[in-house]
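Have a look at the structure below, then the notes.
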Amino acid sequence: MNEKDRIARLFDARRRLLSPAASAGTVTPPQRAPGKRTWLPRSRPRLRLAARLQPPADRERGFSLLELLVVVAILGILIAAALPKFAEFRAAAYDSRSQQDLRNLAAAEELYRATSPTYATDTTALKGFAPSEGVEVALESANETGFVATATHPAGSRSYRWDTSSDPPLSSTLR
């Protein structure tokens, strides 16, 4: 048997095995003759893919109005819960600015006092001191022994006072 006949026989056997009648069980594969080895093609397991679940053709892709309203409501609740805390953090930041400006004023006053006999009575005489934006710094009194200054921010919740004669010099009051 030549190569051509062998290939033709293989294809013929395969066709018989894969025919619809063979899969229904009506045709049996050829039997092997005793003492002869015949080659039968192995059937490969076929992968059957499950059909994809397709959305109905009439339904458009996207979100429904109800879904969007639920999302907006949830965002509204989260924002309503976060705003008071945010306002507290902002007020604390403004208070921190006022407090730091008083500390900077105290350092500038000590530098001024090192070169002159008294503390400065005006913030413009202090070199290198500039209050932060929005912070109102006022020198209430100054003499040879000490000074008193206050600092506030309109959006803050506290007023700060620096008095060199008290211990500790920095104090605050709630507005």
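The values are calculated or read from the model by the stated rules, or taken from the named source; none is laboratory data. Please read all numbers here as calculations on a predicted model, not as lab measurements. Cβ atoms come from the backbone with ideal geometry, glycine included; neighbour counts cover every protein chain shown. Ligands, DNA and RNA are stripped out before the accessible areas are found, and what is left, the full protein with its side chains, is counted by its heavy atoms. Shrake-Rupley method; radii C 1.70, N 1.55, O 1.52, S 1.80 Å.
For GLU133 and LYS4, the difference between the fully extended length at 0.36 nm per residue and the C-alpha to C-alpha distance is 36.8 nm. The Cβ shell under 12 Å around GLU133 holds other residues with a net charge of -1, Lys and Arg each +1, Asp and Glu each -1. Here the range 52-152 has 60 percent of its accessible surface on carbon and sulfur atoms, given a 1.4 Å probe and all protein chains in place. What the Cβ-Cβ distance of SER157 and LEU78 gives, at R0 = 35 Å and to the nearest 0.05, is a FRET efficiency of 0.90. Once the 1.4 Å probe is applied to the protein heavy atoms, the range 50-175 comes out at 73 Å² accessible per residue. Charges were assigned to the Cβ only: +1 to each Lys and Arg, -1 to each Asp and Glu. The resulting dipole of the range 64-156 about its Cα centre is roughly 200 debye.
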